[in-house]
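Accompanying notes for the structure given below.
The values are calculated or read from the model by the stated rules, or taken from the named source; none is laboratory data. None of these values were measured; they are calculated from a predicted model. We place every Cβ from the backbone using ideal geometry, glycine too, and count neighbours over all the protein chains shown. What goes into the accessible areas is simple: the full protein's heavy atoms, side chains included, and nothing from ligands, DNA or RNA. Shrake-Rupley method; radii C 1.70, N 1.55, O 1.52, S 1.80 Å.
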Amino acid sequence: MQKKSVWMSGMLVLTLALVGCGGDSSDNPADAASLKVTPELETESPSNASELPQPVRQIMTLGNRQSESRLVDVMADDGRQWQPYERAPEFTHMVALDDQTITMSDGTKLFVKVAVPGFGEGEAASGSFPVVLTQTSYNTSLGQYVQQIGGANEFLVKRGYAHVVVDVRGTGNSGGNWAAFDEREQQDYLEVLNWVVDQDWAQDRIGLEGISYLGITAVLTAQHNHPAVKAAFPIVPIGDGYRDIVFTGGNVNATFIPLWLGMVTGFGLIPAEMAAVDPEAFMKAIPERILGALTGFQVPTIVKALTGEPETAYDGDFWAIRSPLEGVDKINVPTFIVGGLFDLFQRSEPLWFEQLNGRVDTKLLIGPWDHIGAAGVGFMGGEEADQHGVPDLDTLRLQWFDEYVLELDTGVQNQPDVTQYVLGLDEYDTTSHWPHPDMQAERFYLSPAENFVGGGVGQMQSQAPADAGKAVVFQHPLNGLCSSSLDQWTAGLGGMLPLPCVQDNSLAELAAAKYELQAGENGLYLNGPMQADLWVSTTAQDVQVSVRLDIVNPNGTTTPVTNGLMTAGLNSVDETRSRFVNGEMIQPWHTFRLDDVQPYEYGEVRKVSVEIFASSAYVAPGSSLRVSVNTSNIAQGLPPLLTALNSLLGAMTLHTGPETPSSVVLPVVPSAKLDAMQVP
């Protein structure tokens, strides 16, 4: 590969930090000299199938050569445990076609890179191929170095797929102005599909895939119901633009969102390859990008969010367009969702499975990752995956597309429907559904410590305490500055800091009101969404209520589990959209409408329902579950300016007792359900 310029090297450093270390998905095919290519991929049953090693599922035929596609069991004899899927590469090379542009219906030109299978450097195989489509905002020029952000996948291409990667409008080498998933961009997705199926090298069989932004474009593209789209494999996709991250609990994310907007803008200012394809467009691109960022979308969006401008600070049409779960009913293709327990979109990833399951074939895999961890090609591929028996990402994606795009019999239906990493157990658990089919909502009431001022820890119990109690927590915006939230809500960048407080929340919880629940002799297994119903008052006009859950280990350290954040003045709950399990609300749906804002009155004690994002954790005997309540979580979100001013210099009082029964609703699953994973 030719030596690249200095600016490219500098940008790659930032890219690698933001998306994780890339891996090499290339490999060597079987004897390439004996391969013969035919225009179409066909499958047939071999005459000597009985002589092949078991369990052989399918024989693929490319020309006159057969390669075994098999499932190898690496765990128990249980057919629902994970089995890696194997299919050898049939081509020796991934060949890049000439860069080109696609003209949209409004005249805007989108830049596209295409890679097809081949047998030598620059020697593309003849014929047409099934297609993998990826649409990115991170510049395909960088994607050729860091595949996760928008490069062709060599692992797939060598197995017979063409891979198309497109810069969405206003980013990378494409023309136009960027506005992050707006209606015009979503219209482009359909027009790109129409272009793909018209190409000589493309069959009308397409799989959609991508990570983060690229995964979001995949689910939005699937909603067009184009007949050529056969499957989707989104990795860490957002579901609800407002609730997942940008305005969690009514608080704007001031850590990741500005960084992300700046990254897309910065990568869009280096459209080097556009100069060769369309010199005139290149000359216009830089000033257009700068002007668009300053006056169009990026800077105005940040300013509106921080100042509390209603269009962005409250839920409405702006966010509905950018919340793909709103259109989930339009998806009619098999979809494999990959998520992370500490991902930016932790909240919605299991909801995707729940909404799709039963309508289309769906799988869910949730690992112990933050956003960067989920973005790396090796996030399941190295020793960790081998230890846990979960196939690597390339294998999972290949099996999914082979089954639904190529229509091979890969045995994918025999793979577990839901696979979740269990914190505290440090192992994966598989089940048939999410939420866990054996989950029950159990309410635990907060009972105050005898000496809260002295740092005492209260208890969690099944009955409301007989006596009233209070815990006073002073309001300031810097709580959580060094905590597990810094890692999660910076997409994993915070976890790179050599600070113990990023992995252990003890420091962040020093001034919080804390309550603990002993695990008991059988341990405590939690799996699903959670909710805190807290009775609070404040000497200010509003307050941000932050709730953390941690495992307190026998040595006193903590293992972070999950968290929630809610501005009390926005505590308007739509029960028709909230989740109830065995009579208990366990996942509130807040409306976040301007008309529903309820400022505090002096002396008012109000119940605030805090959505705590879903997780899966096992608290072992000898350990305890800690719930801590504080008045901010700066890493997760800050209130807009006016709300922040209303919350300053106050003190929040958390009330407990029979008249103000502050409590937490937990998703409890019998620990016996973890026997297959060898619970200690």
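Reported count of residues in the stretch 244-276, each being assigned to a helix (DSSP H, G or I) and open to solvent by 10 Å² or more (accessible area, probe 1.4 Å), is 12.
In the stretch 521-541, the qualifying residues are those that are over 28 Å from Ser647 (Cα atoms) and outside any strand (DSSP E or B), and the one that is most open to solvent (accessible area, probe 1.4 Å) is Glu521. For first residues located in the stretch 136-165 and in contact (Cβ under 8 Å) with a residue 12 or more places away in the chain and under 19 Å from Val236 (Cβ atoms), partners that are buried (at least 23 other Cβ atoms within 10 Å of the Cβ) and among the charged types (D, E, K, R) and lie 6+ apart or on another chain with Cβ distances below 6 Å form the pairs Val165/Lys113. Looking across the stretch 257-280 at every residue that is among the aliphatic types (A, V, I, L, M) and at pLDDT below 70, the one that is nearest to Gly492 (Cα to Cα) is identified as Ala272. Applying a threshold of 8 Å to beta carbon distances and a minimum spacing of six or more residues, or different chains, the list of pairs starting in the stretch 555-566 at a residue that is under 14 Å from Asp343 (Cα atoms) and ending at one that is surrounded by fewer than 24 Cβ atoms within 10 Å (Cβ to Cβ) and aromatic (Phe, Trp, Tyr) is empty.
I'd like the full set of residues that are part of a loop (DSSP other than H, G, I, E, B), among the aliphatic types (A, V, I, L, M) and either surrounded by 23 or more Cβ atoms within 10 Å (Cβ to Cβ) or over 24 Å from the mean Cα position of the chain (by Cα) (or both), limited to the stretch 483-520. Matches in the stretch 483-520: Ala491, Leu499, Leu507, Ala508, Leu510, Ala511, Ala512, Ala519.
With a requirement of 1 or more residues that are open to solvent by 20 Å² or more (accessible area, probe 1.4 Å) and either touching a Phe, Trp or Tyr at 6+ places or on another chain (Cβ under 6 Å) or not hydroxyl-bearing (Ser, Thr, Tyr) (or both), the strands (runs of 3 or more DSSP E) lying completely within the stretch 76-187 that satisfy it span 85-87, 93-96, 100-103, 109-120. The condition (being open to solvent by less than 40 Å² (accessible area, probe 1.4 Å), in a strand (DSSP E or B), touching a residue at least 60 places away in the same chain (Cβ under 8 Å) and under 29 Å from Ile372 (Cα atoms)) is satisfied by just one residue among Leu341, Leu351, Leu325: Leu341. Of the strands (runs of 3 or more DSSP E) that lie entirely inside the stretch 581-680, those containing 2 or more residues that are among the β-branched types (Val, Ile, Thr) and at negative phi span 606-619, 624-630, 651-656, 663-669. Selection of the stretch 389-415 for residues being part of a helix (DSSP H, G or I) and open to solvent by less than 10 Å² (accessible area, probe 1.4 Å) yields Leu393, Leu396, Arg397, Leu398, Gln399, Trp400, Phe401, Asp402, Val412.
Taking the stretch 435-455 as the range and being in contact with a helix residue (DSSP H, G or I) (Cβ under 8 Å, 6 or more places away or on another chain) and either crowded, with 19+ Cβ neighbours inside 10 Å or modelled with pLDDT under 75 (or both) as the test, the residues that pass are Pro435, His436.
If the condition is being over 15 Å from the mean Cα position of the chain (by Cα), under 30 Å from Gln346 (Cβ atoms) and assigned to a loop (DSSP other than H, G, I, E, B), then the stretch 191-225 contributes Gln223, His224, Asn225.
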